[in-house]
1. Could you list, in sequence order, the residues of the range 295-329 that are in a strand (DSSP E or B) and either among the aromatic types (Phe, Trp, Tyr) or more than 34 Å from the chain's Cα centre (by Cα) (or both)?
2. For a quick check of your reading: which helices (runs of 4 or more DSSP H) sit entirely within the range 1-86 and have at least 3 residues that are in contact (Cβ under 8 Å) with a residue 24 or more places away in the chain, crowded, with 21+ Cβ neighbours inside 10 Å and touching a helix residue (DSSP H, G or I) at 6+ places or on another chain (Cβ under 6 Å)?
3. Across the range 54-97, what is the number of residues that are of a type in the set (S, T, N, Q) and over 11 Å from Ile149 (Cβ atoms)?
4. Six or more apart or on different chains, Cβ under 9 Å: which pairs go from a residue in the range 334-348 that's closer than 18 Å to Arg305 by Cβ to one that's among the hydroxyl-bearing types (Ser, Thr, Tyr) and not in a strand (DSSP E or B)? Could you list them?
5. Restricting attention to the range 222-277, which residues are among the aliphatic types (A, V, I, L, M), touching a helix residue (DSSP H, G or I) at 6+ places or on another chain (Cβ under 8 Å) and within 24 Å of Phe209 (Cα to Cα)?
6. Name every residue in the range 165-208 that is aliphatic (A, V, I, L, M) and in contact with a Gly (Cβ under 8 Å, 6 or more places away or on another chain), in order of residue number.
7. Which condition number does Ile516 fail, the rest of (1) surrounded by 14 or more Cβ atoms within 10 Å (Cβ to Cβ); (2) in contact with a Leu (Cβ under 9 Å, 6 or more places away or on another chain); (3) among the β-branched types (Val, Ile, Thr) being met?
8. Name the single residue, out of those in the range 462-497 being more than 18 Å from the chain's Cα centre (by Cα) and crowded, with 19+ Cβ neighbours inside 10 Å, that is farthest from Phe426 (Cα to Cα).
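The values are calculated or read from the model by the stated rules, or taken from the named source; none is laboratory data. The shown structure was predicted, so the numbers you read here are calculated from the model rather than taken from an experiment. No Cβ is skipped: glycine too gets one built from the backbone with ideal geometry, and neighbour counts run over all protein chains shown.
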Amino acid sequence: MTEIEIEKENAAIARQYKELLRISYLELTSEDKKIIRKAFDVAVDAHKDQRRKSGEAYIFHPIAVAKIVASEIGMDATSIASALLHDVVEDTEYTLEDIEQEFGVAVARIVDGLTKISHLKKDKDVSLQAENFRKMLLTINDDVRVIIIKIADRLHNMQTMDSMPAHKQVKIASETLYIYAPLAHRIGLYNIKTELEDLGLKYTEPEVFNDIQNKIEESKEEQQEYIDNFSSVIKNSLDKEDFEYEIKGRFKSIFSIRRKMVKQGVTFDEVYDKFAIRIIYDTENLENEKFLAWKIYSIVTDHFRPNPVRLRDWISSPKSTGYEALHITVMGPKGRWVEVQIRSHRMHEIAEKGYAAHFKYKQGDQKEQGLEPWLNKLQEALENQEANAVDFVEEFKLNLYAKEIFVFTPTGDLKSLPKGATPLDFAFSIHTQVGYHTRGAKVNGKLVPLSHELKSGDQVEIITSDKSKPNANWLDYATTSRARSKIKSSLREEKKEIAEDGKEILRRKLKQLKIILNEKSINELVGHFKLKTSLDLFYRVGIGTIDNQKLKEFAAQRSNSIFKFFKNKIRRGPSIPAEEINQPEVSNRYDVLVFGKEEEKLNYKLSNCCNPIPGDPVFGFVTVNEGIKVHKKDCPNAVSLQANYAYRIMNAKWIDSSQEEFTAMLEFTGIDNMGLVNEVTKIISNNMHVNIRNISFDTNDGIFTGRIMVIVKNNTILKRLITNLKKINGIEKVTRA
């Protein structure tokens, strides 16, 4: 570069820095400006020899990220300084200790978090895998500003991707749609979410993006004319009431138009609500803010008929992101539906800036400013850190894009839950122990199944019992990641407890067969019963799947093998290798693969990239030509499939016969006496691993008959139950129908 070019570049860098200070959303003190200046100087020095793919000086990137953080997201000086320094430790000779010494612990912690999740070099053709996403999400524990700066970093990278090779553009855009856009949505950064989605579509489906963009441009004048006509009708009435306001037309994003076209199977011209109208009003005090919103609502609906189903009141019940507004859909001129959003300037800033606007409008302790409740919500998704990385990211995403409903507790408190939530989700949102001991639920005073889908406005009451505990079916009813992770955790604990008992039972039974329970015998048993782990073995003994008869068969086969071994030795023949004796084959207990919530049995092929075997955690992927291909959840291709083709992913699992449950009908006859029904139900409910599905009793001239449908894990448990029922005084006969 010539000296003139260097001078021009330095002048441009200085201009960008001044603009950064000028456009900051929050008021910057002289102390704030000092820390930002120091961060700027360090970043300029650290990146002085680096250039981006486009050829410009690298320092323009951290400045651009800092501008997004300062202006579009509206963060504080600590965040702006951290944004300027976000690549320093990763890409230059500066260390974390240097940063801490110069800028203090807070900035160092944020930069450290950003470095942890950016260890991939920018020139490598590598997509962030699930484990990297997981690490990134876990940094929320340290400081949520890490994620916010990461989103700003990703936005600027997406805005400047033109000089990258096409395959890299597609990968980065897929990641953006997969995780960063939902995260921005969850934080309440709706403008950034929209831009990330549109840019994501631009690189993943360029033809679709360009086609919609061109059509929007062509129809822009006509749409603007429509917005002007619509607005002029309302303006006259608002002016008469002396409102201070502005009306803005907002076109729907390209991504959301595309989503609507696909979802509803319509063309661009058939998407009618391609724009919304925002009425943003001034209010001198917050006390009449809500009153004014409803007054404007009244004025709008005086002129245009509202759609009663499409009223969204987020003023009385703000979204968990802090979003407040009144949304109504009205029938506009020419019979077209128009969405009208009514917000005060305060609400508008919260919608534009996310939780940062809370700092400006609320006084007192920061914990009351909207950040803490949001962090607590995200914390729920982070609590289950034992899950594998793909599961973790999927469960986390459950909480990101979910639309919200609002339900009431019996005492009238309001709870926010994702759309599609069930009473079980509600129970776990109240308290983990309430969830664990849920016995039933009432919605609006009526008993409902635990799978019942809640609707906004429902009043939900949870019925608990100390004896109740989670079972595997609950995973089909729970939708939130908090409820699902707690249920899985409880089921794992229960399995461990049963396995502990099973180990003792096995020790006693083997002792009778003159076999010592040690590592060798356990390995032989695991191999003999074609299992995977000793935990599986002890669990099956605990629930009675592996009974005395099966253990006797094992002992006989074992002694036979030992006899053959010595016989071969005496004959000096080749010995049987030990691994052949206990070679665990692929378990025939995991013999069926089922798909989706309905657990359907479909045709499939096992993928070659990860070679799943029965028992592995897997998912199905619907291919274009080869039907369903099954991949392991930790397959190297899993995340790119999830990122690029999330709509083609199917839940899948191997059914383990010892975990499967079966229904059986039992018939009773006997002599009727007081308390007989109570005795029968008591025996069944006290019998481990048995649930009653259906029950009916009848008496005729002193003769008692009954039918009970029970759910059991295996025949051994059923036989034990029948034996116990026959012992009841008065019951003459118990048979399986």
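1. Scanning the range 295-329 gives a single hit, Pro306.
2. Per the criteria, 30-46, 60-67, 77-84.
3. Going through the range 54-97, the residues of a type in the set (S, T, N, Q) turn out to be 54, 71, 78-79, 82, 92, 95.
Next, from what is left, pick out any that are over 11 Å from Ile149 (Cβ atoms): 54, 71, 92, 95.
Here the count works out to 4.
4. If the second residue must be among the hydroxyl-bearing types (Ser, Thr, Tyr) and not in a strand (DSSP E or B), the pairs left are Lys334/Tyr226; Arg336/Tyr226; Arg336/Tyr272; Trp337/Tyr272; Val338/Tyr226; Val338/Tyr272; Val340/Tyr297; Ile342/Tyr297.
5. First, pick out the residues of the range 222-277 that are among the aliphatic types (A, V, I, L, M): 227, 233-234, 238, 247, 254, 257, 261-262, 266, 271, 276-277.
Now narrow it down to the ones that are touching a helix residue (DSSP H, G or I) at 6+ places or on another chain (Cβ under 8 Å): 233-234, 238, 247, 254, 257, 261, 266, 271, 277.
Selection gives Ile254, Ile257, Met261, Val266, Val271, Ile277.
6. Quick first cut of the range 165-208, residues aliphatic (A, V, I, L, M) only: 166, 170, 172-173, 177, 179, 181, 183-184, 187, 189, 192, 196, 199, 201, 208.
Correct list: Ala173, Leu177, Ala181, Ile187, Leu189.
7. (1)
8. Selected residue: Pro470.
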